[in-house]
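Input: a single structure, listed below in structure tokens.
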């Protein structure tokens, strides 16, 4: 059986779900979140950092976000930026 390739969701869809679920967002995570909230792809730049870097920083500061939605989206973001 061939493994089905899953197409990643657009960042805009992921960020809408994060905003809906994580209230109030931890301020250090929110600073990085805002950098990629309206990005089209992870290769875009936000100031001197790439959106990919901002997602990595966000994940590092998102440890207080808990629950099923948080776990699923963190895995999705990790896959998007090539983390395991």
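General remarks:
- Taking the chain and dividing mean pair separation by its residue count, relative contact order in percent (alpha carbons under 8 Å, at least six apart): 31 percent
- Of the peptides 36-42, 64-70, the order by per-residue mean of other Cβ atoms within 10 Å, starting with the highest, comes out as 36-42, 64-70.
- Two-decimal Rg to Rh for the chain - Kirkwood Rh, Cα set: 0.97
- The slack in the chain from residue 44 to residue 71, taken as 0.36 nm per residue of separation less the alpha-carbon distance, amounts to 7.2 nm.
Coordinate-derived values only; no laboratory data. Source: prediction; values computed, not measured. Quick reminder, even Gly has a Cβ in these numbers, built from the backbone with ideal geometry, and neighbours come from all protein chains shown.
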